[in-house]
Structures are given as C-alpha cells and as structure tokens.
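Visitor: Sharing a structure below in structure tokens format, with a few things to ask.
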Amino acid sequence: MHRPVALSLSVKVILVCLVVSLANAVWMMWHAEEEMETAILDQVKHQVVMFIQGIAREIAQQSDPLATAQLNNLLQNRLQESRQDIHDFAVRKLYLYDRQGVVFAHTGPGEEGVKAMQGHYGEVIRKGEPFVAKEIEWLRDPQSGRRTAVVDAIVPVRLAGTVLAGLEAEIDLQETMAIIQQRDGRYEAAIAWMIGLHALLLAVLVSGLMYRLLVRHVHQYDQVTRAIGAGRLTSRITGSLPADELGRLGYAINDMAANIERLVQEQEEAYLQSLRSLMQALEAKDAYTAAHSARVSAFSVQLGRYIGLQEAELELLRKGALMHDLGKIGVKDRILNKPEPLTEEEYAEMQRHPQQTATIMRPLHRFKEFGEIAAWHHERWDGDGYPDRLRAEQIPLLARIVSIADTWDAMTGDRVYRKGMPPQRALAILEQERLSGQWDPHLLAKFITMIREKEALPAS
Ligand SMILES: [Fe+2]
C-alpha cells in the first residue's frame, strides 16, 4: 500500500541541516560568550591593578605621611572619581592595611579590622608584588541582602618611603559585567549575526551537498521505479552514478528493468507467434483473407509513412493490419467463402469478427493499438459503422488508415469469382465517395494523392 510521505527527502535534509547548524550556532555563541567573559575579566583585573597602583604611587609620593582621616578622604575621592570616569570595572571598596594586617584607612565605615597576614595579604607585604585573586568570593550585603560576586586585587604601598603596606580593591563583578555588557552590546549583536549567518550558510552548503550526493539520486530512482511499475519498461536511471551503495542500487534498478523488459518482450513474442499460427490456420481455411491482410498491411504502412508516422507506429500498423481480420477464424467457412450475398443472420455473424480479433489480442497490453485496429477498422467517420458506432476522431488514426487500405484492397484485389478493378477507376469512385461519411476525408485525400503519385496517374 502506498503510504503518503508528508515531507520529501530534500525538505527533511534541509530541516536537519538547519537544526544542526542552529544548534551549533547556539553552542558557539554560548562558548564564545564564556571565553569572552573570561578574557574581559582578566583585562578588568589588569586595569584595576593599574588603577590602585596609581593610588599607591600617589600615597607614596606624599612628602609628609598622611593621617588616617586624610587617607580615608583620598581613597573615597579616588573611588568616587573611578565611578564617574568611563571605566570597564566597578570597584566596591578600597582598604589600606599595614604590615601587621591592621586596616587603618578605607572607603566606608565599619570596615575596620585585621587582615590574616599568613595568606596573600602577607605575600603582598613580604614580596612587594601585586596580587589578583583567581577565586570569586560571594558577599552578602547585611542591609539589602544582595549577594555580590567580588574579586580582590591587592598592591603594595610604600608609606613614608620605607614602610610597606597593602591597598586592596574589591571588584564588583556583577556591576562590572553589566557595564561591559552595556558597552559591548553592539559588539555581541554583531558576533551573533556573524555566527547566525555562518550557520545559515553552512546549512545551505550542507543541504546542497546532501542534495548532490543523495537526494537527486533517490528522486530519480523514485521516478524511474514508478515509471517501470506503470509499464514504461524502457525507463532507466541515467547520468553518472556514484561508486557507492547508492550507485549500485541505481545499476541494480536498471538491470531489473532490463530483465523485466526482456521477459515481457519474450512473452509478447511468444504471443505474436501464436497469432501468426492462428493467421496460418485462417489462411488454410480462407486463402483470400490471408492474402488480403498482407496487402492491407502494405497499403496501411505506405499511407502511414506518407503522412509522416514514426517507425514505431509504422511497425504497430504493419502487424496490426496484418492481423486485423484474425477474428474471422471464428466465422463459419460456409459464410466466409460464400460467393453469393450473405443473409441477415450470416452478415451479423460476419460483423462479429472485429470484436473477436480484439478479444484474441487483448493480452498484448503493450500493443493495445493492435486491438484498436482490429476492433474499429469497420467504424465509419460519420458514426454509422460497427461495432461501437464511434465517429470521426474517436476512431484511432491507425484504425482509420486500415479502414481505407481495407476498402482499397477490396476494390482493386482479385477474387476467385471476379477480377479487381483498375486503380484509376477505384480512385475515381473513392474521389466521388470521399465525403460520403465512410472514411476520414482528409486521410482519404492523402491516400488518393499517394496512389496517384505511386501509379503515376494524372489527377482527375
Ligand atoms: Fe474486416
């Protein structure tokens, strides 16, 4: 049973490629953003170190050591300035502590205390080098309850020329990222567009490749196998086939079609041979019909060629005309060979021969024109013929041709009891009767011209 396919293979391939490419684009975006954030954070840490080194230098350059209140003011002023300036970072707090870890200046009240000097605070004092924490620390504001992600940056400070101390900055990561995202929004949008377009291009390219490698072959296989199934046995897979399973499938379909075609031809040939045997049987019982059929076949092919039929049609016409009266094998010998006029009953039996021929030829599915010639060669252009009273172009062309050739041979062919009339006289009668309604008038005009040319007879 044929199951309807909702989506064709090419649409499915395009959809899969699009989904895969978009998933890839989303992953790339996410990954790129993560990488970018790490890089930006590293840059921010570097900038914060530069910023607090500037403050440290300012403190160290004071000729007189500053009092705690002055240091507090200085730190607060620099923090305020940093917020007003265009920076890519947000510093939350600044602390200044001495070599024992005691905080003695800061940017806000309540920050006093002692730093544990055995950790990185002590390292900064001891080695005199800046330190930036890798770990993110989460702090909760006791008043607002807001959780803040911070990273510490600490630089050494020279106090009064000799005494080392440390200046620590807490970087507010959330606020920093918000600043950066606000500034880099357009940059991120451009990246997103670039990755999206890249994904689309990739989907188009992969779809094209899949179509070239897979879909177009499957599409052709589908069409050819359907055509073979519908009886068009000469259909074949054409074009270059790939050297893989798909290509082998194409060759296998062609081999299968060739075998089916050969088997059908053999079967038809065997059937045609049976028909020839029947014709021989008819010849034995009615010598006139056999000779008449051979002449009708020859005249039909001449007319067919004269009006420009193709070789395949001429071959059908030749065989079909040769066997057009085969059904007469079922007519009694007494009626068939009766020289006197037939009775009404005898005539009715005689009129059954076209249908009997058509019945014999029915198994030749591929040559249905055979059956049509046999069934309708006694139909008339005006619809008064038999057996189906077809009219004009309802009668197939090949049957119309055989009808004219049949009449011509009946007029000009010799019989046991009378001689055929000379062509010129037969032509004169046909010309007179051309519009009588028995034959296709245009086809008959062609036939008359053809015979005149062939017999070198002058036009009347
Ligand atoms: Fe006939």
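Visitor: When the helix-only estimate is applied to the chain (DSSP H runs of n ≥ 4, each -39,500 (n - 2.57), divided by the residue count), what is the mean residue ellipticity at 222 nm, nearest 500 deg cm²/dmol?
Guide: Details: 15 runs with 273 residues, N = 460.
About -20000 deg cm²/dmol.
Visitor: Taking Cα pairs under 8 Å and at least six residues apart, what relative contact order does the range 260-455 come out at, in percent?
Guide: Relative contact order of the range 260-455: 18 percent.
Visitor: Using a 7 Å offset from Cα along Cα-Cβ at residue 68, what residues in the range 114-149 end up with backbone N under 15 Å from the label point?
Guide: Counting backbone N atoms under 15 Å from the label point, the list is 114-115.
Visitor: Across all directions of projection, what mean area in square nanometres is found for the Cα convex hull of the range 203-242? Present the calculation step by step, with values, prior to reporting the outcome.
Guide: Numbers: hull surface 12.2 nm².
Averaged projected hull area, Cα only: 3.1 nm².
Visitor: P(r) for the range 34-154: what percent of alpha-carbon pairs falls in each 10 Å bin, starting at zero?
Guide: Values per bin, smallest distances first: 11, 40, 39, 9, 1.
Visitor: Another question about this same structure. Residues of the range 336-368 with amide nitrogen under 17 Å from the 7 Å Cα-to-Cβ point of residue 285?
Guide: 336-339, 346-361
Visitor: Calculate, in nm to one decimal, what residue 7 and residue 23 gain on full extension: separation in residues at 0.36 nm each, minus their alpha carbon distance. Present the calculation step by step, with values, prior to reporting the outcome.
Guide: Working: separation 16, 0.36 × 16 = 5.76 nm, distance 2.17 nm.
So the extension gain works out to 3.6 nm.
Visitor: Each residue of the range 421-435 in order: what ³J(HN,Hα) in whole Hz does its phi give by Karplus 6.51 cos²θ - 1.76 cosθ + 1.60, θ = phi - 60°, with x for Gly and Pro?
Guide: 7, x, x, 4, 5, 4, 5, 4, 5, 4, 4, 4, 8, 3, 9
Visitor: State the Cα centre-to-centre distance between the range 23-65 and the range 202-243 in whole Å.
Guide: 59 Å
Visitor: Å³ per residue of the Cα convex hull, for the range 132-171?
Guide: On the way: hull volume 3.0 nm³, N = 40.
That works out to 75 Å³ per residue.
Visitor: Could you give me the radius of gyration and the Dmax of the range 396-460, taking only the C-alpha atoms into account and expressing both in angstrom?
Guide: 11.8, 34
Visitor: Could you derive backbone 3J(HN,Hα) for the range 45-60 from the dihedral phi with the Karplus parameters 6.51, -1.76 and 1.60 (θ = phi - 60°), listing whole Hz in sequence and x where the residue is Gly or Pro?
Guide: Per-residue couplings from phi come out as 4, 4, 5, 5, 4, 4, 5, 6, 5, x, 5, 4, 5, 4, 5, 5 Hz.
Visitor: For the range 70-219, what are Rg and Dmax over the alpha carbons, in angstrom?
Guide: Calculated on Cα positions, Rg and Dmax stand at 25.1, 87 Å.
Visitor: log10 I(q)/I(0), Debye, Cα-only the range 144-212, no solvent, q = 0.14, 0.17, 0.20, 0.26 Å⁻¹?
Guide: The calculated log intensity ratios at q = 0.14, 0.17, 0.20, 0.26 Å⁻¹ are -0.73, -0.82, -0.90, -1.05.
Visitor: What spacing in nm lies between the two simple spin-label points modelled at residue 136 and residue 334, each 7 Å away from Cα in the Cβ direction?
Guide: So the label points at residue 136 and residue 334 sit 11.5 nm apart.
Visitor: Which of the lysines could a cross-linker span from residue 454 if the Cα-Cα distance has to be under 27 Å and same-chain partners fewer than 8 positions apart are dropped?
Guide: 319, 419, 446
Visitor: Also, I was wondering about something else. On a C-alpha basis, how far is the centre of the range 379-429 from the centre of the range 87-157 in Å? Whole number, if you could?
Guide: 118 Å
Visitor: How would 440, 255, 222 rank on accessible area, largest to smallest, probe 1.4 Å?
Guide: 255, 222, 440
Visitor: In addition: What is the Cα convex hull volume of the range 263-412 when expressed per residue in Å³?
Guide: 109 Å³
Visitor: In square angstrom, what is the accessible area per residue of the chain with a 1.4 angstrom probe?
Guide: Working: 26530 Å² over 460 residues.
Using a 1.4 Å probe on heavy atoms only, each residue of the chain averages 58 Å².
Visitor: Additional query: One-quarter of the Cα convex hull surface for the range 330-460, in nm²?
Guide: 9.1 nm²
Visitor: Set the Förster distance to 56 Å, then compute FRET efficiency between residue 249 and residue 193 from the Cβ-Cβ distance, nearest 0.05.
Guide: That gives a FRET efficiency of 0.85.
Visitor: For 415, 389, what's the largest-to-smallest order of accessible area, 1.4 Å probe?
Guide: Putting 415, 389 in descending order of accessible area: 389, 415.
Visitor: Please provide three numbers in whole Å: the alpha-carbon extents of the chain along the principal axes, with the largest listed first.
Guide: For the chain, the Cα extents along the three principal axes come out at 155, 43, 39 Å.
The values are calculated or read from the model by the stated rules, or taken from the named source; none is laboratory data. Given the structure is predicted, the values throughout are model-derived calculations rather than measurements. Because the Cβ atoms are built from the backbone with ideal geometry, glycine has one as well, and the counts that use them run over all protein chains shown. Note: areas computed on protein heavy atoms with side chains; ligands, DNA, RNA excluded. Shrake-Rupley method; radii C 1.70, N 1.55, O 1.52, S 1.80 Å.
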